[in-house]
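For reference, the structure is listed below as structure tokens.
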Amino acid sequence: MIKDSSFAKNLWYEVADDESLNIYINIPFCMCQCRYCLYKGNMNAAQQTKKDFVYGYLIPTIQSFHDVFERHEINTIYFGGGTPNAVSPEMISDICDATGCFDRAHSRIIEINPAFCNEEYVEAICQQGFTLLTFGVQSFDKESLQLQKRPYCSAEKIKMFGNICAKHNILYSIDIMCYLKTYTAKDLEGFKSDIELAKFTEADFVTVYPELNLILN
């Protein structure tokens, strides 16, 4: 972990005042370590470890950039990871507040692993002013997910979460990956099924990733 953020901050000072910024906030914790992922987070970290990171490092670092944020229009604030919903909604809220510019960002996005989520969590996140929740489904095929060491989430559960988003006028999307089982054209039939189930969820859009990391891994 880099404790001194002055180098990064100096780079941001070089951005012209009339250019907008895109802010990425990394939550480096996970509840599982998927085989395909190259960005594995700290798995099963203790609650105190998460608090120490959020309140002892992340929030102070974000606050140190306020003078940079104030000079620019903010296009996007994006929570990724890792797995953002590995930390509590209260921590997410405090991080949002720490930016000092969350409300004026045009797009406010958070990734969610739906297998480790419930209605109460989604409701709490929706109340914080995000404009898009993106659910990392990857596949609705249980065998594919088991091979990748990732828990299953049903299309019905995604649709239920989507109804909560819709109630708050928030967009929601799902991520789908291809080639997660045999890594050959045989996987395309399962991919077609995933697309049909994605339609059933009534997500506002679907992001499709061809799985190349497996080849590299």
**Request:** State the number of residues belonging to segment 171-188 that are among the hydrophobic types (A, V, I, L, M, F, W, C), assigned to a loop (DSSP other than H, G, I, E, B) and crowded, with 21+ Cβ neighbours inside 10 Å.
**Result:** 1
**Message:** Step by step: first the residues of segment 15-63, then only those that are of a type outside the set (Val, Ile, Thr), more than 17 Å from the chain's Cα centre (by Cα) and under 22 Å from HIS106 (Cα atoms), then the one that is least open to solvent (accessible area, probe 1.4 Å). Which residue is that?
**Reply:** LEU21
**Message:** Please pick out the residue among GLU143, GLU90, GLU120, GLU73 that is at negative phi and either under 17 Å from the mean Cα position of the chain (by Cα) or open to solvent by less than 50 Å² (accessible area, probe 1.4 Å) (or both).
**Reply:** GLU90
**Fill in**
For segment 100-144 the number of residues that are of a type in the set (Ser, Thr, Tyr) and over 24 Å from LEU188 (Cα atoms) is 3
**Message:** What's the number of the only condition in (1) open to solvent by 10 Å² or more (accessible area, probe 1.4 Å); (2) part of a strand (DSSP E or B); (3) under 22 Å from VAL15 (Cα atoms) that ASP103 fails to meet?
**Reply:** (2)
**Item:** Residues of segment 126-156 that turn out to be within 20 Å of VAL208 (Cβ to Cβ) and touching a residue at least 24 places away in the same chain (Cβ under 8 Å), as a count
**Value:** 19
**Prompt:** List pairs: first in segment 24-39 and free of Cβ contacts under 8 Å to residues at least 40 places away in the same chain, second open to solvent by less than 10 Å² (accessible area, probe 1.4 Å) and assigned to a strand (DSSP E or B), Cβ under 9 Å, 6+ apart or cross-chain?
**Reply:** none
**Asked** Within segment 189-203, is even one residue touching a Lys or Arg at 6+ places or on another chain (Cβ under 9 Å), among the acidic types (Asp, Glu) and open to solvent by 10 Å² or more (accessible area, probe 1.4 Å)?
**Response** yes
**Item:** Top-ranked residue of segment 124-135 - restricted to ones that are crowded, with 22+ Cβ neighbours inside 10 Å and in contact with a helix residue (DSSP H, G or I) (Cβ under 8 Å, 6 or more places away or on another chain), ranked as nearest to ARG35 (Cα to Cα)
**Value:** PHE135
**Prompt:** Among the residues of segment 147-167, how many are under 11 Å from VAL122 (Cα atoms) and open to solvent by 30 Å² or more (accessible area, probe 1.4 Å)?
**Reply:** 2
**Complete:** Exactly one of THR76, THR61 is touching a Ser or Thr at 6+ places or on another chain (Cβ under 7 Å) and either without any contact (Cβ under 8 Å) to a residue 40 or more places away in the chain or closer than 28 Å to TYR209 by Cα (or both), and that one is THR76
**Message:** Here is a check on your reading of the model: is ILE95 closer than 21 Å to VAL122 by Cβ and either in a loop (DSSP other than H, G, I, E, B) or touching a residue at least 60 places away in the same chain (Cβ under 8 Å) (or both)?
**Reply:** yes
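The values are calculated or read from the model by the stated rules, or taken from the named source; none is laboratory data. Small disclaimer: the values here were computed from a predicted structure and weren't measured. Note that we place each Cβ from the backbone using ideal geometry, even for glycine, and neighbour counts take in every protein chain shown. Calculation scope for accessible area: heavy atoms of the full protein, side chains included, ligands and nucleic acids excluded. Shrake-Rupley method; radii C 1.70, N 1.55, O 1.52, S 1.80 Å.
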